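Asker: Quick one: structure below, then a few questions.
The values are calculated or read from the model by the stated rules, or taken from the named source; none is laboratory data. Because the structure is predicted, anything quoted here is derived from the model rather than measured. With ligands, DNA and RNA removed, areas are computed over all heavy atoms of the protein, side chains included. Shrake-Rupley method; radii C 1.70, N 1.55, O 1.52, S 1.80 Å.
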Amino acid sequence: AAGPDGDQLDLGHNGYVREHGLVHRRRLMLKKDGTRLEGADSLGGVRRVVRLSRDVPFAVHFHLAPGLKAALAPGGGWVDVGLADGSRWRFAAEGAEISIEPSVHYADASGPAQALQIVLRGACWGETEVRWSFEKAAA
């Protein structure tokens, strides 16, 4: 849906219903000028409140293209992502721990390439939400 500040997209799937009774939803909001992408990933019940008998670990993965640089800020509150053109983007998140991990990029005919991924890890006992953003850093 288009709004005054940008475009919003709401998505979801029920792939965790059978095992945990949870639905995954993702909301994306892209600022009109393209300098900020906000997202929220949530786990919750289909039609009712869900309380699990134990904490269930989760991870949200953001795979970066080969050649992109990523550095975790001191204290781990955000990640600095450097693009090949020299521009910098800041990835921040609330509701999960941020880490940078190795990844493999398979989307090229030349074969697999080493890359990095930003991973958000946490655990939920029922409903939970992780908010995150990519924002272009000032030049």
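Asker: Going Cα to Cα from LYS31, which aspartates and glutamates come in below 16 Å? Please leave out same-chain ones fewer than 8 positions away.
Answerer: ASP5, ASP7, ASP10, GLU135
Asker: Divide by every residue of the chain the summed helix terms, -39500 (n - 2.57) for each DSSP H run of at least 4, and state the resulting mean residue ellipticity at 222 nm, rounded to the nearest 500 deg cm²/dmol. Write out the running numbers ahead of the final one.
Answerer: Details: 1 runs with 4 residues, N = 139.
Computed ellipticity for the chain at 222 nm equals -500 deg cm²/dmol.
Asker: Same structure, new question: Kindly report, to the nearest 10 Å², the accessible surface of ASP55 as traced by a 1.4 Å probe over protein heavy atoms only.
Answerer: Looks like 100 Å² after rounding.
Asker: For the stretch 86-91, just list the computed ³J(HN,Hα) in residue order, Karplus coefficients 6.51, -1.76 and 1.60, θ = phi - 60°, integers in Hz, with x standing in for Gly and Pro.
Answerer: Running phi through 6.51 cos²θ - 1.76 cosθ + 1.60 with θ = phi - 60° gives x, 6, 10, 10, 10, 9 Hz.
Asker: Mind listing the long-range amide H neighbours of TRP78? Cut-off is under 5 Å, sequence gap 5 or more, other chains count too, H placed in the peptide plane at 1.01 Å from N.
Answerer: ALA73
Asker: Rounded, prolate or oblate, given the Cα gyration tensor of the stretch 52-114, with a/c below 1.5 counting as rounded? Mind dumping the intermediate values first?
Answerer: Values: a/c = 3.19, a/b = 1.36, b/c = 2.35.
Judged from the Cα gyration tensor, the stretch 52-114 comes out oblate (a/c at least 1.5, b/c at or above a/b).
Asker: For the stretch 82-139, just say rounded, prolate or oblate: build the C-alpha gyration tensor, square-root its eigenvalues into a ≥ b ≥ c, call rounded for a/c under 1.5, and beyond that prolate if a/b exceeds b/c, oblate if not. Working shown, then result.
Answerer: Numbers: a/c = 3.09, a/b = 1.34, b/c = 2.30.
Taking the square roots of the gyration eigenvalues as a ≥ b ≥ c, the stretch 82-139 is oblate.
Asker: Another question about this same structure. Straight-line reach from LYS69: which lysines fall under 16 Å, measuring Cα to Cα and dropping same-chain residues less than 8 apart?
Answerer: Here the lysines satisfying the reach criterion relative to LYS69 are LYS136.
Asker: What order do LEU83, LEU43 take when sorted by accessible area (1.4 Å probe), most exposed first?
Answerer: Largest to smallest exposure gives the sequence LEU83, LEU43.
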